[in-house]
Amino acid sequence: MSRFAQRRVLPAASSIPQIETINVVSSHVGAQALGRVAKLGMVYTDWGEALADARPGLVYVSLVNSDHARVVRSALEHGHHVVVDKPGLPDPDTAEEMVSLARLSSLVIAEATCYSFHPVFSAVKSIVADLDVEVTKALSVFTPPVPADDWRYDRAKGGGALLDTGPYAVSLGRVLWGVEPERIDAIVGDRTADALETSYSMLAGYPGGRTLVGQFGFTTAYQNMVRLMGRGFTIEVERPFSAVPGMAVDLRVQAGDQVYVHTVEPADSMRLFLSEVLAAAESGSQDFGVSLLSDARALARLTRAASVS
């Protein structure tokens, strides 16, 4: 029952026919918020009790970052498929352990980088194919607002801009090119009084000379855009990381002398993502675990690069 769960996860889950019942674990939620949960089943105040009591299904972990690993482990040990908010796990070793645990029981484990399931990325690939060009450079800016009293400013709870926005920064190259970065450089910009990073810049290099430049953090006005470039063309994507379900997304395309806007119809990326997770649970696909491991390795490299800046 985090704000994100109430705003995006629960509405998406309730709209999927295969999800019959939604059990909730929360130590703070009130009756008013629970009343808005469609398909509501049991309500628990302790996640350990909930995982042991509920029959195996799909668990969505939406907690502070520092709690992810132990809850994910318990959910897998109780036979549940697992989706965990980004950043999924604290380091690559823990990610390897959890993916291995999931595979032993033919379970799905997925990190909720659901933005990539929005049809805007399929539209980009279609435009690039029609133009017979290749994206070789990407510029990304993502600075979501974070209230001053939010736990993301708390180091002990796994806060900081690197962990909060890093999964977007390091996964974009995988989404665009299907590979991990060969090199990542980073410079931390702003910090709190106890030196927790609240903004950073990133430069990542990928095979074939492809590059990704990004600015991320909490300290500027809200920005959410990606500009994709290659020889003779540019595609600018608005709201690529958090397009809301009812919003059409515009792609501004400039190719030579031609300039036009391609509009992608509204879609719910969380619903599409969860549907793919359910399909993987049905088929036994391990693709989500592969993506989780790839992004965990890249995020660790970003964090190391920022630590020496």
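The values are calculated or read from the model by the stated rules, or taken from the named source; none is laboratory data. Just so you know, these numbers come straight off a predicted model, no measurement behind them. Positions of Cβ are generated from backbone atoms using ideal geometry, with glycine treated the same way; all protein chains shown enter the neighbour counts.
Within the range 117-167, the residues that satisfy the criterion of being assigned to a helix (DSSP H, G or I) and closer than 13 Å to V237 by Cβ are V120, F121, S122, A123, V124, K125, I127, V128.
Quick one: in the range 102-137, which of the residues that are surrounded by fewer than 17 Cβ atoms within 10 Å (Cβ to Cβ) and not assigned by TED's automatic domain parsing to the domain that holds D295 is nearest to D295 (Cα to Cα)? In this case the residue turns out to be R103. Does T45 satisfy the condition of being β-branched (V, I, T), loosely packed, with under 15 Cβ neighbours inside 10 Å, more than 19 Å from Q286 (Cα to Cα) and touching a strand residue (DSSP E or B) at 6+ places or on another chain (Cβ under 6 Å)? Against the criterion (β-branched (V, I, T), loosely packed, with under 15 Cβ neighbours inside 10 Å, more than 19 Å from Q286 (Cα to Cα) and touching a strand residue (DSSP E or B) at 6+ places or on another chain (Cβ under 6 Å)), T45 does not qualify.
Return a yes/no flag: does the range 282-291 have any residue that is touching a Gly at 6+ places or on another chain (Cβ under 9 Å) and surrounded by fewer than 18 Cβ atoms within 10 Å (Cβ to Cβ).
Checking the range 282-291: not a single residue is touching a Gly at 6+ places or on another chain (Cβ under 9 Å) and surrounded by fewer than 18 Cβ atoms within 10 Å (Cβ to Cβ).
Within the range 213-236, how many residues are over 17 Å from A169 (Cβ atoms) and touching a residue at least 24 places away in the same chain (Cβ under 8 Å)? Residues that pass the stated criteria total 7.
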